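This report concerns only the one structure given below.
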Amino acid sequence: MKGFLKNVGLFIGIFAISFSVFFVLDKINNRDTLADAATELKLIQPQQKTVGEEQPTRKAEKDDPKLIDPKRKDDSTVQYHPEKQAQKKSLILVGDYKIPYGEGGYAEGQAIIDADPNVMGSTWGGKTPYSGTDNLNTHFIGHHVGAFDPFIDLQVGGKITIVDDSGNSFTYIVKTTTIVDTKANDVKTGKNLFSEITSTGGGERVVFQTCTSETERKILFAFPS
């Protein structure tokens, strides 16, 4: 009987040792499998990153010239004062149309035309305030559909009269017209006209601008008659 129990105990001990060895080997095997999986993941991740680099998200064009319509950056710094504009006599006369305009310049021009798009135009580039005797360019903007609708059909040879805030009238004749994109590139030639449109140089002249679509603007260059 003692011999039998001794054999049973030996068998149980051998079984326990075998089970422990199997358990340890299984853990090692699983760890190797996980390590292999981790290695595969590390190989996949660079590939995913490469795909992302091939199709990068385009950064905002903060340095692109904003011909128009320049977006208002902050209502606290760009404000429209209708009570001041109501006191002005400034007008643009095109045919039978009388278009009041504000002296907004870069700071307030967009705010002025947005506040009353069917009525108001404004200076934007060039010299602000407008003067018909300073031998400088002034650039005017206005909405279409809106206050600047008359400029859509106005062609070379067309007459434009500007009345300044003092009531003095100055007449200009359209010499050239063109269509540009939102960066001021002529859609036909590709030439960039941003400086010609918005600078003060070029002698006594005026430039008018209005939208013909979401991506294109009509530009009219006019000189004293």
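Worth pointing out:
- Condition check for ILE162: closer than 18 Å to THR212 by Cα and of a type outside the set (Asp, Glu): no
- Of the residues in segment 151-160, at least one is surrounded by 15 or more Cβ atoms within 10 Å (Cβ to Cβ), more than 30 Å from the chain's Cα centre (by Cα) and not in a strand (DSSP E or B).
- When TYR130 is tested against (1) under 25 Å from GLY203 (Cα atoms); (2) surrounded by fewer than 21 Cβ atoms within 10 Å (Cβ to Cβ); (3) over 22 Å from the mean Cα position of the chain (by Cα), exactly one condition is not met: (2).
- Once segment 67-113 is narrowed to residues that are assigned to a loop (DSSP other than H, G, I, E, B), buried (at least 17 other Cβ atoms within 10 Å of the Cβ) and of a type in the set (Ser, Thr, Tyr), the residue that is modelled with the lowest pLDDT is TYR80.
- Residue satisfying condition, being under 18 Å from SER122 (Cβ atoms) and out of contact with any Phe, Trp or Tyr (no Cβ under 6 Å at 6 or more places or on another chain), within set LYS183, LYS188, LYS218: LYS218
- If the condition is being under 21 Å from GLY158 (Cα atoms), touching a Lys or Arg at 6+ places or on another chain (Cβ under 9 Å) and assigned to a strand (DSSP E or B), then segment 180-219 contributes VAL180, ARG205, PHE208, GLN209, THR210, CYS211.
- Test: residue in segment 178-194 that is closer than 16 Å to ILE92 by Cβ and of a type outside the set (D, E, K, R): no
- Condition check for PHE140: in contact (Cβ under 8 Å) with a residue 60 or more places away in the chain and either on the phi < 0 side of the Ramachandran plot or not in a strand (DSSP E or B) (or both): yes
- Residue that is surrounded by the fewest Cβ atoms within 10 Å (Cβ to Cβ), among those in segment 198-225 that are among the basic types (Lys, Arg) and under 11 Å from THR178 (Cβ atoms): LYS218
- Of all residue pairs spaced 6 or more apart or on separate chains, those with beta-carbon atoms under 9 Å, a first member in segment 181-194 that is under 19 Å from ASN137 (Cβ atoms) and a second member that is assigned to a strand (DSSP E or B) and of a type in the set (Asp, Glu) are ASN192/ASP186; LEU193/ASP186.
The values are calculated or read from the model by the stated rules, or taken from the named source; none is laboratory data. Here the structure is a predicted model, which means the values were calculated and not measured. In this analysis, Cβ positions are derived from the backbone assuming ideal geometry, glycine residues included, and neighbour counts consider all displayed protein chains.
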